[in-house]
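The structure under discussion appears below in the form of structure tokens.
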Amino acid sequence: MLNILNHSPSAINHFLYEMRHKDIQKDRAKFRNNLKRLGMIMAYEISRKFTYSAKTITTPLAEHDVQLIEDKPVLIGVLRAATPFLDGFIEVFDDSDVGFIGAYRVEEGDEIEATLEYKATNSLEGKTVILIDPMLATGKSVLTSVNTLVNNGKPAHVHIAAAVAAPEGVSYISENLKTNHTIWTAALDEKLNEKAYIVPGLGDAGDLCFGPKL
């Protein structure tokens, strides 16, 4: 299942405008803050799909019934670009366990593959997992990440959260990922270019957050 958040007018469109604009996006603090705000909104939208149960609390004036999430999700951020995006999710799910993976793409000739060299997470057995990565381009790093994470236990469901996605990446995941999953993106862009970058996209999210890497 694919959920695209900017199909209806909302503040998301303004955040994306500032993140895409080639001059405004040079303000790293603004870019990081917009990415964090997208994370908060997306976390709220994903939370609507969770299972809830009733709990009675005592306020200063009376007893009151509320609906609470039965099992908090495990948040997994893909380093390094996901860090501000992940912060938005943590603001909403502030008592969730948080893990990290380091995945990046390797370009060899005409082929683009994904390499994962770092993983730190608790058991995921039976858990709801939110995999957080701002850019969903080819989908190969997401597939590699999820297939590696299941070694720490098979999740009940994986929510894949991206700020911007390409149709090719969404199709690749849908065709190849066997784990139960849902894809969430603030915007589904037009395509990938010949170098497998998202068009119109916004550039390299990691560089825009933290500066160019060697």
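The values are calculated or read from the model by the stated rules, or taken from the named source; none is laboratory data. Since this is a predicted model, take the numbers as computed values, not measurements. Note that we place each Cβ from the backbone using ideal geometry, even for glycine, and neighbour counts take in every protein chain shown. In case anyone asks, the SASA skips ligands and DNA or RNA and just uses the protein heavy atoms, side chains included. Shrake-Rupley method; radii C 1.70, N 1.55, O 1.52, S 1.80 Å.
Structure above, values below:
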read-out: GNM flexibility winner over the chain from Lys191, Lys178, Lys154 (Cα, springs under 10 Å); value: Lys178
read-out: Loop-located GluC sites (Glu not before Pro) in the range 8-86 whose Cβ has at most 16 other Cβ within 10 Å (DSSP); value: Glu70
read-out: Percent of Cα pairs exceeding the 32 Å cut-off, where the set is the chain; value: 17
read-out: Length-normalised contact order for the range 1-99 - Cα pairs under 8 Å, 6+ apart - percent; value: 26
read-out: Probe 1.4 Å, accessible area per residue of the chain, Å²; value: 52
read-out: Computed over the chain: relative contact order in percent, which uses C-alpha pairs under 8 Å that are six or more apart; value: 21
read-out: Most mobile of Pro155, Pro60, Pro167 in a GNM of the chain (Cα contacts under 10 Å); value: Pro60
read-out: GluC sites (Glu not before Pro) restricted to the range 119-214 and DSSP loop, no more than 11 other C-beta within 10 Å; value: Glu125, Glu190, Glu194
read-out: Hull-based mean projected area of the range 170-214, where the convex hull spans the alpha carbons, in square nanometres; value: 4.7
read-out: Dipole magnitude of the range 1-89, debye to nearest 20 (Cβ charges: Lys/Arg +1, Asp/Glu -1, about Cα centre); value: 560
read-out: Using a Förster distance of 41 Å, the FRET efficiency for Asn176-Lys30 (Cβ separation, nearest 0.05); value: 0.70
read-out: Separation of alpha-carbon centers, the range 166-209 and the range 17-91, rounded to whole Å; value: 20
read-out: Nitroxide proxy distance, nm - points 7 Å out along Cα→Cβ at Arg80 and Glu194; value: 3.0
read-out: Rough spin-label spacing in nm, given labels placed 7 Å along Cα→Cβ, for Glu63 and Asp23; value: 6.2
read-out: Amide proton proximity set for Leu124, modelled H, under 5 Å, gap of 5+; value: Gly153
read-out: Surface share of carbon and sulfur [accessible, 1.4 angstrom probe, percent] for the chain; value: 50
read-out: Linear extension gain, Leu214 paired with Asp94, 0.36 nm per residue minus alpha-carbon span; value: 39.9 nm
read-out: Max mean-square fluctuation residue, GNM over the chain, Cα-Cα springs under 10 Å, options Ala120, Ala43, Ala62; value: Ala62
read-out: Under-5 Å amide H pairs with Gly201, H placed in peptide plane, nonlocal only; value: Glu190
